[in-house]
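Worksheet for the structure shown next.
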Amino acid sequence: MPHLGNETIKAELGRASWKLFHTILARYPEKPTAEEREALSSYIYLFSRVYPCGECASHFQKILKKFPPQTSSRIAASQWGCHVHNQVNSRLGKKIFDCNMIAEKYQCGCADDGDDGATEAGTEE
Ligand code: FAD
């Protein structure tokens with residue numbers, strides 16, 4: 001895949017992608033089924049293949065080889081996600097994030113029972 005070639009756009013894409021990535025992991029089941037574990041693992045590997053910045057995708061694939069996705073529980077998955085993001089941070093010379101902050105930082109505004117809490121069209125405040 002081609003390099004985006006524009007550092008600002010690449011950084012914006014990165015921020016948006018990490019936000020979704022960590023929010024998915026923070027919402028992952030505490031006790032996932034085998035199917036849920038497979039779904040998360042597939043998602044992560046596909047994400048690493050289709051990520052639009054080629055240089056980033058290729059580096060992230062190397063990180064995944066070294067640190068395969070941890071899918072046994074919400075905590076394992078979200079801490080793993082924090083760790084691999086820190087691997088990227090370290091390569092880019094960025095600050096290492098405190099992984100104890102993950103649960104409070106990544107909330108989606110959704111109910112915990114699968115109901116996404118959305119209101120009927122037109123009734124939202
Ligand atoms: P980001 O790293 O985007 O982080 C956004 C916010 O997430 C931070 O402000 C902080 O609040 C929080 N955060 C930071 N670290 C963590 C963590 N460990 N866990 C949870 N939350 C955290 N850019 C390149 O130039 N080269 C690359 O090779 C490259 N590879 C990438 C690979 C992937 C898979 C992704 C998603 C992005 C990649 N990027 C790469 C983009 C890069 O990681 C940043 O997103 C971009 O540089 C913007 O950085 P930022 O300082 O705004 O914070």
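We did not get these values from a lab; they are worked out from the coordinates using the rules stated. What you are looking at is a predicted structure, and each value in this text was computed from that prediction instead of being measured. All Cβ positions, even for glycine, are placed from backbone atoms using ideal geometry, and neighbour counts span all protein chains on display.
Checking every one of the GluC sites (Glu not before Pro) in region 18-121 against DSSP loop status and a limit of 10 other Cβ atoms within 10 Å picks out 30, 120. The trypsin sites (Lys or Arg not before Pro) of region 1-99 meeting both criteria, a DSSP state outside H, G, I, E and B (loop) and at most 14 other C-beta atoms within 10 angstrom of the site's C-beta, are 94, 95. Coupling constants for region 25-38 follow from the phi torsions by the Karplus curve (6.51 cos²θ - 1.76 cosθ + 1.60, θ = phi - 60°), and in residue order they are 5, 5, 9, 4, x, 5, 10, x, 7, 4, 5, 5, 5, 5 Hz; glycine and proline get x. From the cross-link list 62/95; 31/62; 62/105, which pairs have alpha carbons spaced over 24 Å apart? Checking Cα-Cα distances, 31/62; 62/105 exceed 24 Å. Net charge in the neighbourhood of residue 41 (other residues with Cβ under 14 Å of its Cβ; Lys, Arg +1, Asp, Glu -1) is 0.
Computed from backbone phi, the HN-Hα couplings of region 80-86 come to 4, x, 5, 5, 5, 5, 5 Hz, rounded to whole numbers (Karplus: 6.51 cos²θ - 1.76 cosθ + 1.60, θ = phi - 60°; Gly and Pro given as x).
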